[in-house]
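A short worksheet on the structure shown next.
The values are calculated or read from the model by the stated rules, or taken from the named source; none is laboratory data. The structure displayed is predicted, hence computed values, not measured ones. Cβ: placed from backbone, ideal geometry, glycine included. Neighbour counts: every protein chain shown. All accessible areas refer to the heavy atoms of the entire protein, side chains included, with ligands and DNA or RNA removed. Shrake-Rupley method; radii C 1.70, N 1.55, O 1.52, S 1.80 Å.
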Amino acid sequence: MSGVNGTSGTRGTSSTSSTSGVNSTSGTSGRNEEGGGRTRAPKPDPAFVGMPAFPEAARKAVGDTTLRANLRHATRTIRDKRARAVAELDDWAALREAGKRIKDETLRHLDTHLLRLEEAVTAAGGTVHWARDAAEANRIVTALVRATGEREVVKVKSMATQEIGLNEHLEAEGIAAYETDLAELIVQLGEDRPSHILVPAIHRNRTEIRDIFRERMGSWGRPAPEGLSDAPAELAEAARLHLREKFLRAKVGISGANFMVAETGTLVVVESEGNGRMCLTLPDTLISVVGIEKVVPTWRDLEVFLQTLPRSSTAERMNPYTSMWTGTTDGDGPDAFHLVLLDNGRTGALADEVGRQALRCIRCSACLNVCPVYERAGGHAYGSVYPGPIGAILTPQLRGTASGIDASLPYASSLCGACYEVCPVAIDIPEVLVHLRERVADRGGRGHRLEKAAMKASAWVLDRPDALAAGERLAAKTRRLHPKGLPGPGARPWTGSRDLPEMPAEPFRDWWRKNRT
């Protein structure tokens, strides 16, 4: 929470801090990896199961003028600031390449680094749990919370816990999970879903946020102040007062982590508001749910990402709050620390030589802010907690392409390549998108069978110059009879907004034969 400073240090914690304001449009989320809340259940299913495929969801979103205005303002503001921040560094290209190489080398030896991490965390007084999937991770966390005797937890913003549906699982088990990140709080109070990696409430404007606070805060805890306006400072203060009582009484905190250092067993959370510091330091028990790909081998490796992440995400030279903790320490911070290492499809992605580069992702969201598709369709259309270009390649690898929405995600792109250009770890998202499209096409289906037949027919013609020349001459002679659009449900939408190219009076090869000198 902006303006909320932690009052005790995390066990073994080193940190930097400063105050941080709230964005004027939607409440800035920290870059920390984690988020919860309760009295009335938010909309279920954080995995967005049952949502329509991307084309249908995007069509509806594009018609929402308020949403498009909110997204246009927020994404363009963020990406312009990012460009200026990155331009300050003469060695940005070298840092980007270093981040890529560190991540690739770590993924090649991921098993070794994870075992080293487990050993270091255990030696520092923590306990490591391994979760192969969402169900196992949820069972582990629920058992740990129940063992404390508590029935409520506070949470740092966490995409990993959103991925596994932890809040909803805890709710079903009678445990209230309260989100403390400002943007996540907005989403939770509004019974909404996050729509951006960095700024989950980017689809909301200040007036909408004010109305949510006025209508819902009272049923979740301390109500909003009388006469609350939509001024950012007033909204931030209302959230601070609402959350303060939860921070002070919470005995269990749940977080994720941006990075885990195998060398020492240290976890790192970076954020903008200070709510993470409160959740990491005040509770008696801290439970961190972290994807296995978040490990880095050494402190020296961490230095690269602490330069590239803040500039790529919020255009800051450094994070306002960087919290680090190593196990437990008597008299400082939580008495018990549990690390839940989450697989949930990651080793499957690791086995794909092309697709595994998605596991380099440091969740900066730079790719979302430059993507013309995301800017118009918004995050909800992707049907995942990971929206935008990175979500289009990460989600189908974590969940598979069996469902309609997951099979449609690799096509949620124009392949313009802007996402690759801004990625601080050089993930070639267009390459992975094409790779995943091949995987979807190989599954078959009526449309894919027709496409495959068309490709075979084209290959036959292109292999036979005489047949190609005859076809070109026939097409030129019958050009007056050609339709203005293409028939069929697959082709009609494409030509509904585009003109087919006009057929010339004669093929180029005939023109060349007559006019060459």
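Tell me which of these GLU226 doesn't satisfy, since it passes every other one: (1) surrounded by fewer than 17 Cβ atoms within 10 Å (Cβ to Cβ); (2) touching a helix residue (DSSP H, G or I) at 6+ places or on another chain (Cβ under 9 Å). Looking at each condition in turn, GLU226 falls short on (2).
Let's see how each residue does on (1) touching a residue at least 40 places away in the same chain (Cβ under 8 Å); (2) touching a Leu at 6+ places or on another chain (Cβ under 8 Å); (3) open to solvent by less than 50 Å² (accessible area, probe 1.4 Å):
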site: GLU97; (1), (2), (3): yes, no, no
site: THR122; (1), (2), (3): yes, no, no
site: THR127; (1), (2), (3): yes, yes, no
site: ARG132; (1), (2), (3): yes, no, no
site: ILE140; (1), (2), (3): yes, no, yes
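Inspection of the stretch 417-431 finds a residue satisfying the criterion of being hydroxyl-bearing (Ser, Thr, Tyr), closer than 21 Å to GLU353 by Cα and surrounded by 14 or more Cβ atoms within 10 Å (Cβ to Cβ).
Within the stretch 200-216, the set of residues being under 22 Å from LYS246 (Cβ atoms), at pLDDT below 95 and among the aliphatic types (A, V, I, L, M) comprises ALA201 only.
It is to be established whether one or more residues within the stretch 223-233 are among the hydrophobic types (A, V, I, L, M, F, W, C), more than 25 Å from the chain's Cα centre (by Cα) and in a helix (DSSP H, G or I).
yes
Of all residues in the stretch 346-378, those that are in a loop (DSSP other than H, G, I, E, B) and over 27 Å from VAL187 (Cα atoms) total 4. All of PHE259, PHE247 fail the test of being among the aromatic types (Phe, Trp, Tyr), open to solvent by less than 10 Å² (accessible area, probe 1.4 Å) and over 25 Å from LEU342 (Cα atoms), apart from PHE247. Checked against the criterion of being basic (Lys, Arg), part of a helix (DSSP H, G or I) and over 30 Å from SER312 (Cα atoms), the candidates ARG216, ARG240 yield just one match: ARG216. When you check THR28 against the structure, is it at pLDDT 90 or above, polar (S, T, N, Q) and surrounded by 15 or more Cβ atoms within 10 Å (Cβ to Cβ), yes or no? Against the criterion (at pLDDT 90 or above, polar (S, T, N, Q) and surrounded by 15 or more Cβ atoms within 10 Å (Cβ to Cβ)), THR28 does not qualify.
Listed by position, the strands (runs of 3 or more DSSP E) inside the stretch 116-192 whose residues that are in contact with a Gly (Cβ under 9 Å, 6 or more places away or on another chain) and under 25 Å from ALA238 (Cβ atoms) number at least 2 are 152-155, 176-179.
Would you mind stating whether ILE405 is surrounded by 22 or more Cβ atoms within 10 Å (Cβ to Cβ) and at pLDDT below 95? Yes; evaluated as a whole, the condition is true for this residue. Scanning the stretch 467-481 for residues that are within 13 Å of PRO504 (Cα to Cα) and open to solvent by less than 70 Å² (accessible area, probe 1.4 Å) yields GLU472, ALA475, ALA476, THR478.
Any residue that is more than 20 Å from the chain's Cα centre (by Cα) and closer than 28 Å to ARG116 by Cα - is there at least one of those in the stretch 307-317? The answer is no; no qualifying residue exists. Those residues that are open to solvent by 10 Å² or more (accessible area, probe 1.4 Å) and either in a helix (DSSP H, G or I) or over 22 Å from VAL425 (Cα atoms) (or both), I need them from the stretch 262-291; list them, please. Correct list: THR264, ARG277, LEU282, ASP284, THR285. With the condition kept exactly as written, say whether any residue in the stretch 224-235 is within 27 Å of VAL153 (Cα to Cα) and in contact with a His (Cβ under 6 Å, 6 or more places away or on another chain). There is no residue in the stretch 224-235 that is within 27 Å of VAL153 (Cα to Cα) and in contact with a His (Cβ under 6 Å, 6 or more places away or on another chain). Count of the stretch 492-517 residues, restricted to those that are open to solvent by 100 Å² or more (accessible area, probe 1.4 Å), assigned to a helix (DSSP H, G or I) and more than 20 Å from ARG480 (Cβ to Cβ), is 5. Among the residues of the stretch 142-177, just one is over 22 Å from the mean Cα position of the chain (by Cα), of a type in the set (S, T, N, Q) and open to solvent by 10 Å² or more (accessible area, probe 1.4 Å), namely THR148.
Summed over the stretch 300-345, the residues that are of a type outside the set (Phe, Trp, Tyr), in a strand (DSSP E or B) and buried (at least 20 other Cβ atoms within 10 Å of the Cβ) give a count of 9.
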